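Input: a single structure, listed below in structure tokens.
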Amino acid sequence: MKLPPTTGERAASDDAFWSGQSVSRDELLQAARAVATRAHSPYSGVCVGAVLLDREGRTFSGCNVENASYGLTVCAERNAIGRAVADGAGELVAVAIATNQDRVLTPCGACRQVLMEFAPDLVVVCVGSGAEALEWRMGELLPSAFNKADLPGEAQGDQP
Ligand code: ZN
């Protein structure tokens, strides 16, 4: 089992995973940086872009959309999931998340749960305004996750 990185330690890139993809890690991070520039974040000033990659090499992007009522704000990751579902994405294999902040930020708890729903083995690579990117598997970001297998009458592998 791979342990999550400690603070300040760079997580290694899963080169074996990325070498099998039609979109490179850098390309996915660049796409996430591009969509982050479209964020609607007049309140926090934190611009986030998320780009999901499916098994067929298709990408699905989202940015954070804040609201004056604050609680209606939707994160970039969940907006990207919405686009992926609506566009008929295949199995989701990776997500790149970029922000305009100095340090690398990771998905919030709500987004971790939503990503886990669709991609329990997702590769998650995050980058801030600098060059450093950190990478995890979904299970490292949300260990012992609640999922459909925990619902009565549901078995692992059934369609939601
Ligand atoms: Zn979130």
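For the stretch 89-103, taking the residues that are assigned to a loop (DSSP other than H, G, I, E, B) and away from the ligand (no atom under 15 Å from the Cβ), the one that is surrounded by the most Cβ atoms within 10 Å (Cβ to Cβ) is identified as Ala89.
Selection within the stretch 67-84: residues that are more than 14 Å from the ligand (Cβ to nearest atom) and in contact (Cβ under 8 Å) with a residue 12 or more places away in the chain. The member of this set that is most open to solvent (accessible area, probe 1.4 Å) is Arg83.
In the stretch 138-156, which residue that is more than 26 Å from Ala16 (Cα to Cα) and of a type in the set (S, T, N, Q) is least open to solvent (accessible area, probe 1.4 Å)?
Asn147
What tally of residues in the stretch 82-111 results from selecting those that are under 22 Å from Ser44 (Cα atoms) and of a type in the set (A, V, I, L, M, F, W, C)? The number of residues fulfilling the criteria is 8. Of all residues in the stretch 39-88, those that are within 25 Å of Gly20 (Cα to Cα) and in a loop (DSSP other than H, G, I, E, B) total 6.
The set of residues in the stretch 105-137 that are within 13 Å of the ligand (Cβ to nearest atom), hydrophobic (A, V, I, L, M, F, W, C) and either open to solvent by less than 10 Å² (accessible area, probe 1.4 Å) or touching a strand residue (DSSP E or B) at 6+ places or on another chain (Cβ under 9 Å) (or both) comprises Leu105, Cys111, Leu115, Val124, Cys126. Flag not set for Ala12, criterion: at pLDDT 90 or above, of a type in the set (A, V, I, L, M, F, W, C) and open to solvent by 60 Å² or more (accessible area, probe 1.4 Å). Val85 meets each of the listed conditions (1) more than 18 Å from the chain's Cα centre (by Cα); (2) more than 16 Å from Val125 (Cβ to Cβ) apart from (1).
The values are calculated or read from the model by the stated rules, or taken from the named source; none is laboratory data. Please read these numbers as outputs of a predicted model, since none were measured by experiment. So basically every Cβ, Gly included, is an ideal-geometry build from the backbone, and we count neighbours across all protein chains shown. Heads up: the accessible areas ignore ligands, DNA and RNA and are worked out on the full protein's heavy atoms, side chains in. Shrake-Rupley method; radii C 1.70, N 1.55, O 1.52, S 1.80 Å.
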